[in-house]
Every structure is written in structure tokens, then in C-alpha cells.
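Below: one structure, written as C-alpha cells.
The values are calculated or read from the model by the stated rules, or taken from the named source; none is laboratory data. What you see is a predicted model; the values in this text were computed from it and never measured. In this analysis, Cβ positions are derived from the backbone assuming ideal geometry, glycine residues included, and neighbour counts consider all displayed protein chains.
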Amino acid sequence: MAIKIASWNVNSIKIRAEAVADWLREAQPDVVCLQEIKCQDSNFPRTIFEDIGYNLAILGQKSYNGVALLSKWPISDVTAGLPTMKDDEQARYLEALIGLPGEAIRVASIYLPNGNPPDGAKYDYKLEWLAALQDHARTLLTYEETLILGGDYNVIPEEADVHNPAAWRGDALFKIETRQRFRRLLGLGLTDAFRLCSSEPGQYSFWDYQAGAWQKNLGIRIDHLLLSPEAANRVQQSGIDKHVRGREKPSDHVPVWAILN
DNA sequence: ATGCCGGGCGAAGCCCGA
């Protein structure tokens with residue numbers, strides 16, 4: 001059977017619950033990685049999603065960050081937080097096994113630190129987090145499973161993924177050290193699902209709320225689904241649900257997805 | 001152009017995002 005996996009930074013699940021449910025009904029993903037839910041587990045609007053057939057795993061945090069997994073199939077073996085970063089106080093990583101008919105796949109929802117300003121403690125934290133993810137991903141890849149690391153990576157991989165590369169050169173999302181770390185992650189054997197399916201430039205997943213960025217299509221591609229070789233071999237399609245950004249009260253990010261056979 | 005929106009918190013105005 002075909003499996004549809006998606007990732008979406010929703011910028012508050014409480015504000016966005018109905019919009020997310022609308023998109024789930026039309027897009028029908030099997031598994032969704034959510035980021036920036038911005039609430040504690042106890043305040044997550046669970047029933048809205050359970051009522052339309054999704055199981056939930058949540059790693060919440062008051063006010064900031066927070067990640068979750070939604071799945072039409074049973075969720076088990078949940079890992080909350082990066083095992084390689086035990087003292088992380090921010091809710092940015094949630095991994096689980098998804099029990100599909102006849103097989104299990106492993107999925108993680110990732111909210112990588114933004115890192116700006118690009119020359120201080122916040123950037124150091126971003127690099128530390130990337131290194132910890134690198135270490136954990138290396139372990140996960142030894143399992144040789146169908147593995148999807150989906151999330152808001154806060155990394156613009158290439159010039160084709162930003163409207164104005166020159167203006168972003170020094171930014172924590174695009175500076176060369178950031179892109180090198182991301183490339184190193186791919187070097188472990190992970191594949192960017194979207195780039196596996198399209199070489200088209202200017203395909204964005206985020207547009208700032210300010211300065212008419214959406215209207216002018218001044219976006220960046222920072223939300224990614226990274227696949228193990230076992231997952232990459234099964235990819236049929238990958239896309240970005242850009243139209244969602246034009247709706248009422250949108251998140252500044254849109255869903256990205258991939259279909260595996 | 002880092003604060004032009006938008007959200008959290010909490011009840012005004014500040015912190016944060018990318």
C-alpha cells in the first residue's frame with residue numbers, strides 16, 4: 001500500500017487546530033510530523049484529531065517549541081527528545097514506530113533551532129543540536145529501516161531554495177557552516193525527499209508574515225523529509241502544499257509530503 | 001530593514017520567530 005508522510009510547522013496547534021484538521025481531511029496523510037505546537041501535552045486539542053481517525057504522540061512545552069506525531073496507524077516505541085542530547089530543555093524531537101499493515105516504519109518530528117543571531121549562544125546551540133542529530137541519525141541508519149526524519153530544519157540547503165541568496169548569506173539558516181552541517185547529515189545516507197523528485201528552484205515551504213513576503217513569493221525552503229536508503233528507494237512523489245499559505249489565518253509554513261510505495 | 005506580522009502570556013507590553 002502507498003504511505004503518505006507529511007511535515008508541517010503549524011505555529012501554535014491551539015490557534016491552528018481547525019485549519020490542520022481541514023488539511024488532514026483533504027490531504028489524507030498516514031503520518032504527520034508537527035512542529036511549534038506551542039503548548040503543553042495537556043493543552044493539545046486531541047479530540048479534534050482523534051475524531052477524524054488519528055492517533056497522537058506529543059512532546060509539548062509551554063509557549064515555545066513542541067513537536068507531535070499524528071498517525072492513522074498505531075504509534076509505539078516513542079522516544080521523546082534526542083537520546084544524544086539528554087539535557088536539552090527544549091521540546092524539539094519526537095520519534096516513534098508506526099505500525100502499518102504488515103510492517104513498521106520509523107518516523108521522527110524535528111524542530112531544529114533557528115540559530116539567529118548567527119554569531120552567539122543561539123547559533124552555538126543550533127550547531128550543538130545538529131551534531132546531536134548527526135550522532136543519533138547515524139545510529140538509526142544502522143537499523144536499516146524505512147526511516148523518515150521530517151521537520152522544520154531551519155536550514156536552506158541550496159541557493160535554489162531561497163528567493164535572494166545574497167541577502168541571506170550571513171543568516172543562521174543559510175550561512176555556509178549551517179549548510180555544511182546539513183550536507184554532512186545527508187552524507188550519512190539520508191535523502192531530501194523533495195529534491196529526489198524535483199530540481200525546480202523557487203519551491204518554498206515558508207514565507208514570512210511581514211512585508212508581503214507571501215504576496216511577492218519571497219520564500220525559503222526549510223521544511224524537509226530526510227529519508228533512509230530503504231525509504232528513498234520507495235518514494236513515488238513528493239510535494240509542497242503551497243496553497244495552504246493563502247488561506248485565512250495561515251501558519252507561516254506549509255505542509256511538505258512524500259508518498260512511498 | 002531584525003520586528004513591517006503573528007502567536008504566547010496574560011491582561012500591557014514584552015519575548016520570540018526566520
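Quick notes on this one:
- Where A:PRO201 falls short, out of the listed (1) touching a Phe, Trp or Tyr at 6+ places or on another chain (Cβ under 9 Å); (2) more than 19 Å from A:SER228 (Cα to Cα): (1)
- Among residues of segment A:77-114, those that are surrounded by fewer than 23 Cβ atoms within 10 Å (Cβ to Cβ) and β-branched (Val, Ile, Thr), counted: 3
- Filter result (touching a residue at least 24 places away in the same chain (Cβ under 8 Å) and more than 11 Å from DNA strand B (Cβ to nearest atom)) within segment A:164-174: A:ASN164
- Selection from segment A:84-105 of residues that are away from DNA strand B (no atom under 13 Å from the Cβ) and under 18 Å from the mean Cα position of the chain (by Cα): A:TYR93, A:LEU94, A:GLU95, A:ALA96, A:LEU97, A:ILE98, A:ILE105
- Pair list, Cβ under 8 Å, 6 or more apart: segment A:115-133 residue farther than 16 Å from A:THR84 by Cα, other residue surrounded by 14 or more Cβ atoms within 10 Å (Cβ to Cβ) and of a type in the set (Val, Ile, Thr): A:GLY115/A:THR178
- Looking across segment A:216-231, the residues that are part of a loop (DSSP other than H, G, I, E, B) and within 13 Å of DNA strand B (Cβ to nearest atom) come down to A:LYS216, A:LEU218, A:ARG221, A:ILE222.
- Residue count, segment A:29-76 (criterion: crowded, with 17+ Cβ neighbours inside 10 Å, in contact with a Lys or Arg (Cβ under 8 Å, 6 or more places away or on another chain) and among the hydroxyl-bearing types (Ser, Thr, Tyr)): 1
- Residues of segment A:140-172 that are among the aromatic types (Phe, Trp, Tyr) and in contact with a His (Cβ under 8 Å, 6 or more places away or on another chain): A:TYR153 alone.
- Condition check for A:LYS86: basic (Lys, Arg) and in a loop (DSSP other than H, G, I, E, B): yes
- Per-region count, segment A:178-215, residues within 16 Å of DNA strand B (Cβ to nearest atom) and loosely packed, with under 15 Cβ neighbours inside 10 Å: 7
- In segment A:106-136, of all residues being closer than 21 Å to A:GLU36 by Cβ and assigned to a strand (DSSP E or B), the one that is nearest to DNA strand B (Cβ to nearest atom) corresponds to A:TYR111.
- Filtered residue count, segment A:33-75, keeping only those that are over 18 Å from A:HIS253 (Cβ atoms), among the charged types (D, E, K, R) and in contact with a strand residue (DSSP E or B) (Cβ under 8 Å, 6 or more places away or on another chain): 4
- Of all residues in segment A:137-163 being within 13 Å of DNA strand B (Cβ to nearest atom) and free of Cβ contacts under 8 Å to residues at least 60 places away in the same chain, the one that is farthest from A:LEU218 (Cα to Cα): A:VAL162
- Verdict on A:ALA21 being surrounded by 15 or more Cβ atoms within 10 Å (Cβ to Cβ) and in a helix (DSSP H, G or I): yes
- Close contacts from segment A:50-74, counting a first residue that is more than 16 Å from DNA strand B (Cβ to nearest atom) and a second that is among the basic types (Lys, Arg) and at pLDDT 95 or above, with Cβ to Cβ under 8 Å and a gap of 6+ residues or different chains, come to A:ILE52/A:ARG25; A:GLY53/A:LYS72; A:TYR54/A:LYS72; A:ASN55/A:LYS72; A:LEU56/A:ARG46.
- Odd one out for A:VAL107, checked against (1) under 19 Å from A:ALA231 (Cα atoms); (2) out of contact with any Gly (no Cβ under 8 Å at 6 or more places or on another chain): (2)
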